[in-house]
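Shown next, in structure tokens, is the structure this report addresses.
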Amino acid sequence: MEIGDGSGMDARQLKVEAARAALAHVSSGMRLGIGTGTTADEFVRLLAEKVATGLGIIGVPTSERTAALCRELGVPLSTLEETPELDLTIDGADEIDPALTLIKGGGGALLREKIVAAASQRMIVIADQSKMVETLGRFPLPIEVNKFGLRATEIAVGAAAASLGLAGPVTLRMTGGQPFVTDGGHFILDASFGRIPDTRALSNALFAIPGVVEHGLFIGLASTAVIAGGDGIQTVHAARKPGSSIDHDVA
């Protein structure tokens, strides 16, 4: 269950405010990657209002769910095949650390989300302040895997985690009594490792497993985070180069 932050705004209102602030970064003529999830849904609704009053953009959705909402609300769409280079992607996240490394995939769209983000010049992540953490891992890490060899892949994921001193249950995501299937036709393992002190090492270890298609650690992709909380909108910019500090602006 989501709760408010004491500011009088509930979780949905905070998502709306983050989405509204991110929309200020969108201008006519943009090729826009559009994320997936409850916060991204709020962004789509606000974007559609702007499109209806003359904002000219073309959107590339990160999931069938987002595509359906965009079509319903009149947001013009393209595909990554037709529009392979994007100006900006705006998406939500399940967790965000101070370096703007993310955990994504709670909505099951992590593969397409990462492909779209990587095809963009910039990625802005939008969230309420509950998603900001000092160290990633409180939220289970989604790992998209091939259906073939599922059990072998699951064992390999556990072994890779153990080699890095991580432990915790790795469970197959289910929906309606059946395994959840992504838009790409894969399964998702949710790995509850707890704190992940070295996200790069875990990323490399997971990618070394043949059955792993993608994982929900987004490293070096988000350039800006727009975070809504009781004190207003906080904008966090990723460091421009290794060793530089993270800039924080509070609106």
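The values are calculated or read from the model by the stated rules, or taken from the named source; none is laboratory data. Everything quoted here is computed from the prediction, not taken from an experiment. A quick note on method: Cβ atoms are made from the backbone with ideal geometry, for glycine too, and the neighbour counts reach across all protein chains shown. The protein model used for the area step is the full one, side chains on, heavy atoms only, and it has no ligands, DNA or RNA in it. Shrake-Rupley method; radii C 1.70, N 1.55, O 1.52, S 1.80 Å.
Some observations on this one:
- Of the residues making up the range 186-212, just one is hydroxyl-bearing (Ser, Thr, Tyr) and open to solvent by 30 Å² or more (accessible area, probe 1.4 Å), namely Ser192.
- Of residues in the range 174-190 being without any contact (Cβ under 8 Å) to a residue 40 or more places away in the chain and not in a loop (DSSP other than H, G, I, E, B), the one nearest to Gly137 (Cα to Cα): Met174
- Among the candidates Val75, Val60, residue that is over 18 Å from the mean Cα position of the chain (by Cα), crowded, with 20+ Cβ neighbours inside 10 Å and at pLDDT 95 or above: Val75
- Residue match in the range 150-173 (condition: assigned to a strand (DSSP E or B) and open to solvent by less than 10 Å² (accessible area, probe 1.4 Å)): no
- Scanning the range 27-42 for residues that are of a type in the set (Val, Ile, Thr) and buried (at least 19 other Cβ atoms within 10 Å of the Cβ) turns up Ile34, Thr36, Thr39.
- Candidate set from the range 98-116 (those that are open to solvent by less than 20 Å² (accessible area, probe 1.4 Å) and among the charged types (D, E, K, R)); member that is farthest from Thr83 (Cα to Cα): Lys104
- Flag for Ile233 being in contact with a helix residue (DSSP H, G or I) (Cβ under 7 Å, 6 or more places away or on another chain), of a type in the set (A, V, I, L, M, F, W, C) and surrounded by fewer than 22 Cβ atoms within 10 Å (Cβ to Cβ): yes
- Pairs with Cβ under 6 Å, 6+ apart, first in the range 60-77 and within 15 Å of Lys50 (Cα to Cα), second open to solvent by 20 Å² or more (accessible area, probe 1.4 Å) and not aromatic (Phe, Trp, Tyr): Cys70/Pro61; Cys70/Leu77; Val75/Val51; Pro76/Ile58
- Residues being open to solvent by less than 50 Å² (accessible area, probe 1.4 Å), of a type in the set (Ser, Thr, Tyr) and farther than 21 Å from Lys15 by Cβ - total across the range 78-92: 2
- Residue match in the range 2-20 (condition: modelled with pLDDT of 95 or more and in a loop (DSSP other than H, G, I, E, B)): no
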